[in-house]
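What follows is a single structure, written as structure tokens, with notes after it.
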Amino acid sequence: MKKVLIVLLGTLVTIVGLVYLSVSGNRDTFDTCTIVNKEELESTDFKNHDSVLIAPSTLYEGNILKELVQGSNYRDAWSAQVKFPVVFLDSLHGGVEIIKEGGGKQTHSLKLRTKDHITYTLRSVTKDPEKLIPEIAEDLGLENIIVDGISAQHPYAALLAAEIAQELNILHTHPEMIFVPKQEILGDYNQKFWNRLFLLEYETESEANWTSLKNVSEIFETKDLQKLKFEKKKDISIDQKALIKVRLLDLLIGDWDRHAEQWGWAIQESDRGKIAIPVAGDRDNAFFNISGLIPSIITNKNIEPLVRPFEKEIDHMPGLVYPFDRYFLLNASEEMFVQEAKELQQKLSDQTISKAFNVWPEQIRKLDEKEISEKLKSRRDKLPEYAAQFFQQIQQQGKLTEALKGSEKLELSSSQLACFDCDLEN
């Protein structure tokens, strides 16, 4: 018995040692894109070039130990060198002005506005997770656990998600990947935003209509839609079918991060009053592929139910239902969910899925198309079943008792807080 305990203790110590060796091997928390011939960077006049060869980041390059402990994830896609267009903001869409700096906990971003008052955003492809790293992890030199988790995000996810949405006739932000060199218009932003790879896409808030829809007066954020609802009451409604459709798309592509601040609403004038049509933004976590010893433990549904890996099957539907869903879809019907699922299922043929991958560079397709397309097809085949489960979870969780994210400062009555149409019930 004593020998068995010694063996078990030795095994445990070995595992802990390997884990520590894996996660403490890199103290870097952030890196911009990797530029080929980096030594020539300072002397290069990018106005003489229309493209540059870039690897989004080499920060996540791994080895056998790291992949065992922290997962293989999308490391190869992050470090693959791809050619991207060089863009200068003073000539972009006739010239844009910088409105302000944005960004969340990981993404650096700039909001831009054209002379036609259309709003775009530059969103960094490389992420900066420093705000997410707890002090104890820094003290122990284990910040790489958090940093390396970004390798589970696919650097080209937004492009594929948008292409699938396009095939399904769902509004999206039309992202494209560009390289932004140092330039005068950036001014004080040059230090943070120069010589980096960005997603350029339409913003989910805009004074002017950039969508293909007619009679759109403006594109609102969720909190502004709520304000408009309080003013207009029955004179404004949301397109529930469109919202159900895009939330089912989220289930298909495994995008588990869908809080209220990641949505815009195109306000369309009609004979029935104003209709708000949803526009999804921020696709960083679509196709989220996390594996390895540590991530598998952390993302267990009993430990972190909201972070769901992109697998062939959805294993924990409660983790995918957001307060946002309960607020806007509480009074929808199960029949509506299932019907929309069947229509998406019919449209998303194997040929359509294959065609969507054309938006990716060839070397990225070779790396990840097979695995991702197999998962998409598996989820598609079960979509009506998932739609019914999603509806049932919304009903089970019921009305809200707290404000949506981003709407905390709104002065809401209990009925206004509970759901989009609850105020009309009184």
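Worth a mention:
- Screening GLY254, GLY273 for residues that are among the small types (Gly, Ala, Ser) and within 18 Å of GLN345 (Cα to Cα) leaves exactly one candidate, GLY254.
- Exactly one residue out of LEU171, LEU186, LEU249 is in contact with a helix residue (DSSP H, G or I) (Cβ under 7 Å, 6 or more places away or on another chain) and closer than 30 Å to LYS382 by Cβ: that is LEU249.
- The stretch 366-389 residues that are over 18 Å from ASP325 (Cβ atoms) and free of Cβ contacts under 8 Å to residues at least 24 places away in the same chain, paired with ones that are assigned to a helix (DSSP H, G or I) and of a type in the set (Phe, Trp, Tyr) (beta carbon under 8 Å, 6 or more apart): GLU369/PHE357; SER373/PHE357
- Test for LEU225: is it closer than 23 Å to ILE164 by Cβ and either buried (at least 19 other Cβ atoms within 10 Å of the Cβ) or among the charged types (D, E, K, R) (or both): no
- Taking the stretch 324-337 as the range and being of a type outside the set (Lys, Arg) and either crowded, with 18+ Cβ neighbours inside 10 Å or not in a helix (DSSP H, G or I) (or both) as the test, the residues that pass are PHE324, ASP325, TYR327, PHE328, LEU329, LEU330, ASN331, ALA332, SER333, PHE337.
- Filter result for the condition that a residue is of a type outside the set (Gly, Ala, Ser) and in a helix (DSSP H, G or I), over GLU304, GLU261, GLU269: GLU261
- HIS117 meets all of the listed conditions (1) at pLDDT 85 or above; (2) under 30 Å from GLU362 (Cα atoms); (3) part of a loop (DSSP other than H, G, I, E, B) but one, namely (2).
- Unique match (being small (Gly, Ala, Ser), buried (at least 17 other Cβ atoms within 10 Å of the Cβ) and closer than 20 Å to ALA260 by Cβ) among ALA403, ALA387, ALA356: ALA403
- Only one of PRO318, PRO295 that is over 25 Å from GLU371 (Cβ atoms), modelled with pLDDT under 95 and not in a loop (DSSP other than H, G, I, E, B): PRO318
- Answer residue from the stretch 406-426, given it is part of a loop (DSSP other than H, G, I, E, B) and loosely packed, with under 13 Cβ neighbours inside 10 Å and is nearest to the chain's Cα centre (by Cα) among those: GLU408
- Residue match in the stretch 79-93 (condition: closer than 25 Å to GLU311 by Cα, modelled with pLDDT of 85 or more and in a loop (DSSP other than H, G, I, E, B)): yes
- Residue-level check: of (1) out of contact with any Gly (no Cβ under 7 Å at 6 or more places or on another chain); (2) surrounded by fewer than 15 Cβ atoms within 10 Å (Cβ to Cβ), ASN285 misses just (2).
- In this entry, LEU248 passes the filter for residues that are at pLDDT 95 or above, within 16 Å of the chain's Cα centre (by Cα) and either buried (at least 19 other Cβ atoms within 10 Å of the Cβ) or not assigned by TED's automatic domain parsing to the domain that holds ARG113 (or both).
The values are calculated or read from the model by the stated rules, or taken from the named source; none is laboratory data. On a predicted model such as this, the values are computed, not experimentally measured, just so you know. All Cβ positions, glycine included, derive from the backbone under ideal geometry; neighbour counts span all protein chains shown.
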